[in-house]
Every structure is written in C-alpha cells, then in structure tokens.
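J.: The structure is given below, and queries will be raised subsequently.
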Amino acid sequence: NLPDPEIALPADHFNTVLYTGDGATTLAVTGVGFQPDFTWIKNRSATDKHVLVDAVRGANNYISSNSTAAEVDDSTFVASLDSDGFTVGDDVVVNTNTENYASWNWLAADTFDPTSAGDIAVASGRSNATAGFSIVRYTGENAVKTIGHGLATAPKLVIVKNLGVIQWPVFYLRAADADGVIFLDQTGA
C-alpha cells in the first residue's frame with residue numbers, strides 16, 4: 001500500500017559496484033549499467049584516500065574528499081569513464097592486487113550550460129533531472145553570482161570544491177529557508 005516511488009529503477013541513475021584490484025596496468029570495472037558521469041572510489045582493504053572523478057572535468061582529473069589538496073591530473077588513477085563502468089590505472093590507491101574497492105557511480109548524461117540560468121560568465125555542466133543530480137564546473141569571479149544547475153527544482157544539498165588547495169564546503173537546507181554549512185574534509189559538527 002505504498003505510493004509508487006519517484007524513481008522506479010534507481011540503478012538506472014546510481015549504482016554501487018564492488019571490485020577487486022589486480023595490480024595490472026589497467027583494470028576495466030564493469031557492471032555499472034551506464035556510463036558514469038561521476039565516480040567515487042574507496043579502497044575497502046586499506047586506508048587510502050578517496051578518489052572522485054567526473055565527466056565534466058575529465059576522468060584523469062581526480063580530487064579527494066578527505067583532503068583539501070588540489071585537483072590532480074593522473075591517468076594511473078582513473079583512465080576512462082566507459083559505457084558500462086570505468087577503467088582504473090595501476091596506482092595502488094585504486095588497483096592493488098587482491099585488495100577490495102567500492103565505487104559509487106552517478107548518471108548525469110544531459111549536458112547543459114549553467115550560464116544560461118545564472119549570471120556566472122564561465123561554466124559547464126551535466127545533469128540528471130530525474131534523479132535530482134548535477135555536476136557544474138565554473139570559474140569564480142570573486143563576487144556574488146548565480147549558477148544554473150540543470151535541475152527542475154532548487155537543490156537541497158550543494159558540495160563545492162575549489163580545484164586548488166582549499167576546504168570542501170557543503171551547503172544544505174536544514175529547515176524552511178534555514179541554510180546550514182559543514183566542511184566535508186573536516187571533523188567539526
């Protein structure tokens with residue numbers, strides 16, 4: 001007697017794939033069910049850093065959610081985003097022989113222009129309005145600006161990462177029009 005879910009088949013928009021590293025030069029990880037536009041990888045056998053890549057910045061460019069470090073361009077982490085998953089390189093953070101990994105994969109297949117719905121000058125984006133998920137890359141202008149998100153409704157959670165060395169602010173809606181902020185890379189309340 002439950003209402004129909006808003007998304008009948010969630011795995012069409014988000015999918016978790018577990019894999020075991022083989023230590024080879026490259027390892028194709030399949031079974032996602034779509035080409036992921038955002039992939040988050042974490043080693044489950046060791047305390048390696050998190051690796052986050054997306055189709056807007058390019059698969060070779062990763063950032064780490066547990067660090068304020070700048071974006072790194074290195075294909076030995078993620079070499080490509082593929083039609084049914086992704087290919088990792090031989091870096092031990094994503095592909096150590098016999099170690100276990102988790103990957104969380106989101107679909108954002110629709111390309112859009114964030115400047116058309118905002119007043120930011122330089123931006124690019126991909127979205128999935130059905131799932132309420134988008135990725136936007138923009139150039140900051142050191143001023144208050146609006147940025148289009150490609151979704152049907154305003155987002156309730158926004159994660160921001162300057163691609164240089166800086167914190168990860170996460171903005172969220174706590175209650176009716178009461179905004180909050182936390183920092184993803186910190187342990188504060």
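The values are calculated or read from the model by the stated rules, or taken from the named source; none is laboratory data. Note that this is a predicted model, so its numbers are computed, not measured. All Cβ positions, glycine included, derive from the backbone under ideal geometry; neighbour counts span all protein chains shown. The area values use the complete protein model at the heavy-atom level, side chains included, leaving out ligands, DNA and RNA. Shrake-Rupley method; radii C 1.70, N 1.55, O 1.52, S 1.80 Å.
J.: For the stretch 109-189, which fully contained strands (runs of 3 or more DSSP E) count at least 1 residues that are of a type in the set (S, T, Y) and without any contact (Cβ under 8 Å) to a residue 40 or more places away in the chain? Show your work before the answer.
T.: Working: elements: 110-112, 123-128, 133-138, 157-159, 169-175, 178-183.
Qualifying strands (runs of 3 or more DSSP E): 110-112, 123-128, 133-138, 169-175.
J.: What tally of residues in the stretch 1-26 results from selecting those that are aliphatic (A, V, I, L, M) and not in a loop (DSSP other than H, G, I, E, B)? Before you say what the answer is, go through the steps one by one.
T.: To start, the set of residues in the stretch 1-26 that are aliphatic (A, V, I, L, M) comprises 2, 7-9, 11, 17-18, 24.
Okay, now just the ones that are also not in a loop (DSSP other than H, G, I, E, B), so 11, 17-18.
Qualifying residue count for the region: 3.
J.: Still on this model: Closer than 22 Å to V32 by Cα, surrounded by 16 or more Cβ atoms within 10 Å (Cβ to Cβ) and touching a His at 6+ places or on another chain (Cβ under 8 Å) - does that describe any residue in the stretch 109-122? Give the derivation first.
T.: Here is the first cut: in the stretch 109-122, the residues closer than 22 Å to V32 by Cα are 109-111.
Right, trim to surrounded by 16 or more Cβ atoms within 10 Å (Cβ to Cβ) and you get none.
Within the stretch 109-122, none of the residues are closer than 22 Å to V32 by Cα, surrounded by 16 or more Cβ atoms within 10 Å (Cβ to Cβ) and touching a His at 6+ places or on another chain (Cβ under 8 Å).
J.: Please state which one of V56, V29, V94 is in contact with a Phe, Trp or Tyr (Cβ under 7 Å, 6 or more places away or on another chain), assigned to a loop (DSSP other than H, G, I, E, B) and modelled with pLDDT of 95 or more. Steps first, please.
T.: Working: V56 fails: in contact with a Phe, Trp or Tyr (Cβ under 7 Å, 6 or more places away or on another chain); V29 fails: assigned to a loop (DSSP other than H, G, I, E, B).
Going through V56, V29, V94 in turn, just one is in contact with a Phe, Trp or Tyr (Cβ under 7 Å, 6 or more places away or on another chain), assigned to a loop (DSSP other than H, G, I, E, B) and modelled with pLDDT of 95 or more: V94.
J.: Can you tell me which residues in the stretch 91-108 are of a type in the set (D, E) and in contact (Cβ under 8 Å) with a residue 24 or more places away in the chain?
T.: Start the filter on the stretch 91-108 by keeping residues that are of a type in the set (D, E), which leaves 91, 99.
Hit for the stretch 91-108 is E99, nothing else.
J.: So the check is Cβ under 7 Å with 6+ separation or different chains; which pairs have a first residue in the stretch 65-90 that's at positive phi and in a strand (DSSP E or B) and a second one that's at pLDDT 95 or above and open to solvent by 50 Å² or more (accessible area, probe 1.4 Å)?
T.: Between residues of the stretch 65-90 that are at positive phi and in a strand (DSSP E or B) and residues that are at pLDDT 95 or above and open to solvent by 50 Å² or more (accessible area, probe 1.4 Å), the close pairs are G85/A28; G85/T30.
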